[in-house]
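What follows is a set of notes on a single structure, which appears directly below.
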Amino acid sequence: MYDVVIIGAGVSGASTARELSRYKARICVVEKCEDVCCGTSKANSAIVHGGFDAETGSLMARLNLRGNLMMDKLCDDLDIPFKRNGSLVVCTDPEKLGDLYALYDRGLANGVRGLEVITDRNRLLEMEPNLADGVCAALHAPTGGIINPFVMNIAMAENANENGVEFRFNTEIMDIEKCEGGFVLHSENGNIKTRCVVNAAGLYTDKFHNIFAEKKIKIIPRRGDYYLLDKTAGQYVSKTVFELPNKMGKGVIVTPTVDGNLLVGPTAIDVTDKEATNTTGEGLDIVLEKSKHTVKNIPMRQVITSFAGLRAHEQGHEFIIGELSEALGFFDCAAIESPGLTAAPAIGEMLADLIKKRLGLEEKDDFIATRKAVFDPSGLSEGERTKLIKEKPEYGTIVCRCEMISAGEIIEAIHRPLGAKTLDGIKRQVRAGSGRCQGGFCTPKVMEIIAKELNMEMCDLTKSGKESRIVLGRNKDWI
Ligand SMILES: Cc1cc2nc3c(=O)[nH]c(=O)nc-3n(C[C@H](O)[C@H](O)[C@H](O)COP(=O)(O)OP(=O)(O)OC[C@H]3O[C@@H](n4cnc5c(N)ncnc54)[C@H](O)[C@@H]3O)c2cc1C
């Protein structure tokens, strides 16, 4: 029997697993997909929010601020790309200045440091020369940041794994029942017994919450469509530029990504299908239209792809985190919509603390707090690079020419703890296929490397697990 089983290997589950791995306990993360970071955590704005948006006194506000404050140390310890680039919420209508000041006041009440309302347009243009002509004021939050959400998720999971947490992939939990001393989780691969359960299943947290809780919840998938622009447009703004928030959320943003691209989006459209991560023409048109109000002449010819993510929205618009009184040992981590990425370190800390108390867990003395990212040779001098290539020729073969990723990096990504097994897994770990050509050139080469390193048939290799095979057979077999 496990002490804790966490359902879901997104940022919430991975952070909880890492925090719990500080204690002496048998812990397992079960994930229905083939890898970590396959749900909402892989498709979002990747902003570390300052913390002025959530309602004062809410759990969302408290964990947003705490997560923001924890981010520097977490990213140092786990080698996660993160930059405090600051954010601007811009006002384009003088009659709405009151809303901007209300946001400022809420930020102060939430404990956010360094906030300032700037009404001098010249000063704003010095900060961001491409702001739209109608921008008359902005709320500046210097503590806002940008992060690589894939690496954040992977790093926390890897570190938890190094500290003894087991991961079971391709294992969907279908049902949960109480049993003597805990719970039985019915999965597609058999039953799993545990003393405690953490329900971190993202869009599906309502399903597990509602098995035990008297007060039922309903998670509504709220879609956000995005455009991603090439690195040639990555400097178009330096800060994250927000619209004034509205009842559906924080509005459309224009932001650099920590990897050097420009991101424009998202929409906020409620849908019914929890798997519908497709963009729509209508959604992308909204992005285009709204972004023009905050930033002018965005070089949309530099768009390299579009994508969509689904927020786990619940009517109360509040994180639902804690132990159910109807089922002691069952811990919710539900309705984690934005700012869930920012709050993730604090969510993990909170849940680990509750579970530690429930089970009376003792701290380990051999917890490994740090983790190193996949080795990146791009910072080496020419001499150092030549030496490396002599010793390890795989670093001399550039596979992804857009992002300049070598075979050496891809091979390392495959053989790390929780290593990548699919094309998308490689993309999330080392960015091969994330560039301008979106894998047009490197896909066959990456497939060859995965097949060789994992001793697989090319036909068994997938883009993202399950049925997403890329080649279906050999030509000659069909003749
Ligand atoms: C459009 C958009 C923009 C956003 N922007 C930001 C932002 O800029 N900053 C910010 O802080 N936050 C942002 N967020 C929110 C943030 O992305 C989420 O709060 C966070 O990723 C949620 O993580 P999670 O681990 O709770 O859920 P997920 O990442 O969805 O993970 C849940 C996991 O559970 C697995 N699972 C589900 N059901 C089962 C089952 N039955 N058995 C086993 N496994 C199961 C899923 O496969 C998935 O891997 C945004 C979200 C969206 C959609």
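The values are calculated or read from the model by the stated rules, or taken from the named source; none is laboratory data. Treat the numbers as computed from the prediction; the structure is a model and nothing was measured. Cβ: placed from backbone, ideal geometry, glycine included. Neighbour counts: every protein chain shown.
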Val446 fails exactly one of (1) farther than 27 Å from Gly39 by Cβ; (2) assigned to a helix (DSSP H, G or I); (3) in contact (Cβ under 8 Å) with a residue 24 or more places away in the chain, namely (1)
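Table: residues versus (1) of a type in the set (Asp, Glu); (2) out of contact with any Phe, Trp or Tyr (no Cβ under 8 Å at 6 or more places or on another chain); (3) assigned by TED's automatic domain parsing to the domain that holds Gly419.
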residue	(1), (2), (3)
Leu63	no, no, no
Asp79	yes, yes, no
Pro94	no, yes, no
Gly98	no, yes, no
Gly114	no, yes, no
Gly164	no, yes, no
Phe169	no, yes, no
Scanning region 102-118 residue by residue, the ones that are over 12 Å from Asp53 (Cα atoms) and free of Cβ contacts under 8 Å to residues at least 40 places away in the same chain total 5
Checking Arg416, Arg358, Arg436, Arg431 in turn, the sole residue that is over 24 Å from Ile146 (Cα atoms), more than 16 Å from the ligand (Cβ to nearest atom) and within 28 Å of the chain's Cα centre (by Cα) turns out to be Arg416
With criteria (1) near the ligand (Cβ under 9 Å from one of its atoms); (2) of a type in the set (Lys, Arg); (3) surrounded by fewer than 17 Cβ atoms within 10 Å (Cβ to Cβ), Lys250 comes up short on (3)
Of (1) surrounded by 18 or more Cβ atoms within 10 Å (Cβ to Cβ); (2) free of Cβ contacts under 8 Å to residues at least 60 places away in the same chain, Gly50 satisfies every one except (2)
Kindly establish whether Ala213 is in the same structural domain as Ser45 (by TED's automatic domain parsing), touching a residue at least 12 places away in the same chain (Cβ under 8 Å) and either more than 14 Å from the ligand (Cβ to nearest atom) or of a type in the set (Ser, Thr, Tyr) (or both).
-> yes
Within region 191-210, residues within 14 Å of the ligand (Cβ to nearest atom), part of a strand (DSSP E or B) and within 15 Å of Gly13 (Cα to Cα) come out as Val197, Val198, Asn199
Of the residues in region 112-170, those that are in a strand (DSSP E or B), surrounded by 20 or more Cβ atoms within 10 Å (Cβ to Cβ) and of a type in the set (Val, Ile, Thr) come to Ile146, Ile147
Filtering region 288-335 down to residues that are farther than 27 Å from Ala54 by Cβ and in a strand (DSSP E or B) yields Val303, Ile304, Thr305, Ser306, Ala327, Leu328, Gly329
Of Ala308, Ala369, Ala327, the only residue that is within 16 Å of the ligand (Cβ to nearest atom) and either more than 14 Å from Tyr226 (Cα to Cα) or of a type in the set (Gly, Ala, Ser) (or both) is Ala308
Among the residues of region 147-165, the number that are within 20 Å of Lys32 (Cα to Cα), within 14 Å of the ligand (Cβ to nearest atom) and not small (Gly, Ala, Ser) is 7
Of Thr255, Thr232, Thr279, the only residue that is of a type in the set (S, T, N, Q), in the same structural domain as Tyr101 (by TED's automatic domain parsing), surrounded by 18 or more Cβ atoms within 10 Å (Cβ to Cβ) and under 24 Å from Glu126 (Cβ atoms) is Thr255
Heads up, the strands (runs of 3 or more DSSP E) in region 1-111 (entirely inside) with at least 3 residues that are within 16 Å of the ligand (Cβ to nearest atom), at pLDDT 95 or above and under 30 Å from Arg358 (Cα atoms) are 2-7, 27-30
